[in-house]
Structure formats: structure tokens, C-alpha cells
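Student: Okay, here's the structure, questions in a sec.
The values are calculated or read from the model by the stated rules, or taken from the named source; none is laboratory data. Source: prediction; values computed, not measured. Heads up, the Cβs are rebuilt from the backbone with ideal geometry, glycines too, and the neighbour counts pull from every protein chain shown.
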């Protein structure tokens, strides 16, 4: 059995290429050098920068993070989304109980 390792760099590269975007397409929010370093896993973006990058790709940041944690396995995508949904509902429920 192969163990899946989450990868934001892989997810970022996959979405960028699936959208047909070059690294230069991000020039309003990032340099090509910075984007390249993100895709090679040499740097990690802030949440604000991640949101900016996702705006260029026209996706929600959670889409990118889901792909990072699920890869290209549709079953794993569903599992991650259900897990997140359960955790959010538990947190909201706990807050409302206070």
C-alpha cells in the first residue's frame, strides 16, 4: 500500500496547469520566481498570498487545500471533505452550546 503524502506544491502546479496558466499569469500577485519556489516546495505561502493565488486560478482556497490533502484520488477527496464538514459542525455546535 502506498502512503499518500499531502503536497501543496503539487496541487498548486496541477491547478495552474489545468487552468492553462503560465507562472507569468500571476504577475499581479506574485513574481514568477516566488511562484516557482512555491511549486518546488522551497517556500510556503501565507493564507493571504494563497487567497491571491487562488483568485488568479479562479478557485476557492479550500479547493487547492483539498487537492493538496487528497491528490488525484476522488475517494480521498470525498473523505477529506466529509472530515472537514464533520469537524466544522462540531466546532460550530460547541460554540453554540456556550
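Student: Quick one: which residue in 70, 51, 94 is closer than 20 Å to residue 19 by Cβ and at pLDDT below 95?
Tutor: 70
Student: In this structure, does residue 5 turn out to be surrounded by 12 or more Cβ atoms within 10 Å (Cβ to Cβ) and either in a loop (DSSP other than H, G, I, E, B) or modelled with pLDDT under 95 (or both)?
Tutor: No, not satisfied.
Student: How many residues does segment 8-31 contain that are part of a loop (DSSP other than H, G, I, E, B) and surrounded by 12 or more Cβ atoms within 10 Å (Cβ to Cβ)? Talk me through it step by step, then tell me what you get.
Tutor: Residues of segment 8-31 that are part of a loop (DSSP other than H, G, I, E, B), as a first pass: 19-22, 27-31.
Filter once more, so that each one left must be surrounded by 12 or more Cβ atoms within 10 Å (Cβ to Cβ): 19, 21, 27, 29-31.
Qualifying residue count, segment 8-31: 6.
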